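Below you'll find the structure, written out as structure tokens, and then a few comments.
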Amino acid sequence: MAKMNVWKRVFPEARTHEGAVAQRVSTKLELRRTVLTCLLWEDTFYEKGSGIAERIAKLVRENKAEDVAALAHEARLKMQLRHVPLFPVRELARRKGTGSLVAATLEEVIQRADEPGEFLAMYWKDKKQPLSAGVKRGLARAFVKFDAYQLAKYDRDGAVKLRDVLFLCHAKPKDEAQAEVWKKLAAGELESPDTWEVSLVVDVSGSMNYTLAKKERDYADGRGRRAGNSAAREGGRVRDCDLFGHLRGAAGSARVRAARCDCELAGAQWDVPEAGA
């Protein structure tokens, strides 16, 4: 005779990828855990990146629109993720009646000038289609936040350019200066500002000029400071030039003290006034 007095699971078992019994969580918690622990479309040990994206899209459909928007806001502004917060907003834009929420969330989530193009590339990943009204409003509000330097820095060749975003979202400039910048962007004539990242000039004894075209990482690993020190070792005088002026402004007094120490050890005369002098 079969025994009936046995314990049975009321709910189906939840299993890990290795087959162990796991606790089942709500769709809201599952979406949050998935979004905050992934780099979009990058494979992990157990899952393909495409599978993770499909699960996020599925969970977005199963959650409230307000919860999805709050998660995108947290992922971008608190967790400092850049690409994955755009994806839930893109999936949220598929729903009807979410235009205002999508516009407000896009405005907050987009913090860097290359992100509007990234979002449109996501929007058209499956097929090219017209932008929803909420997406247009959100992109237009976000576009106003960027100045000439940011637009020039991220105006790169790609499937979607910044000028394409500007034309599609019909953003309105906040003043005449921004309108002029956008005209140059549309015409492809937006020049990079003359900053220390573009050119570092070291003038030693008035006879030797060193122009160093650098990227941001060149400054980060100390190459700009070493170039100034090598010039000082020629026996000249280190003056208050662009290089050390930006050392004071960008890196603070600690970096300036290190540069001064190196120059003095090299036998060069330090002729750079202190900040504020």
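Points to keep in mind about this one:
- Lone unmet requirement of (1) under 14 Å from the mean Cα position of the chain (by Cα); (2) without any contact (Cβ under 8 Å) to a residue 12 or more places away in the chain for Asp157: (1)
- Residues satisfying the stated conditions in the stretch 62-91, i.e. closer than 22 Å to Glu42 by Cβ and more than 19 Å from the chain's Cα centre (by Cα): Val68, Glu91
- Within the stretch 48-62, no residue satisfies the criterion of being in a loop (DSSP other than H, G, I, E, B) and not basic (Lys, Arg).
- Among the residues making up the stretch 92-116, those that are under 20 Å from Trp41 (Cα atoms) and in contact with a helix residue (DSSP H, G or I) (Cβ under 6 Å, 6 or more places away or on another chain) are Leu92, Ala93, Val109, Ile110, Pro116.
- Just one of the numbered conditions (1) among the acidic types (Asp, Glu); (2) out of contact with any helix residue (DSSP H, G or I) (no Cβ under 6 Å at 6 or more places or on another chain); (3) assigned to a loop (DSSP other than H, G, I, E, B) is not true of Asp155: (2).
- Residues within the stretch 169-187 that are exposed (fewer than 15 other Cβ atoms within 10 Å of the Cβ) and touching a Pro at 6+ places or on another chain (Cβ under 9 Å), tallied: 2
- Restricted to the stretch 18-47, and to residues there that are among the polar types (S, T, N, Q) and not in a loop (DSSP other than H, G, I, E, B), the residue that is farthest from Arg61 (Cα to Cα) is Thr34.
- The condition of being surrounded by 14 or more Cβ atoms within 10 Å (Cβ to Cβ) and modelled with pLDDT under 95 holds for only one of Thr98, Thr105, that being Thr98.
- When Ala113 is tested against (1) buried (at least 16 other Cβ atoms within 10 Å of the Cβ); (2) out of contact with any Phe, Trp or Tyr (no Cβ under 7 Å at 6 or more places or on another chain); (3) not in a helix (DSSP H, G or I), only condition (2) is not met.
The values are calculated or read from the model by the stated rules, or taken from the named source; none is laboratory data. Note that the coordinates shown come from a computational prediction; the quantities given were computed from them, not determined experimentally. Neighbour counts are summed over all protein chains in view; Cβ atoms, including those assigned to glycine, are modelled from backbone coordinates with ideal geometry.
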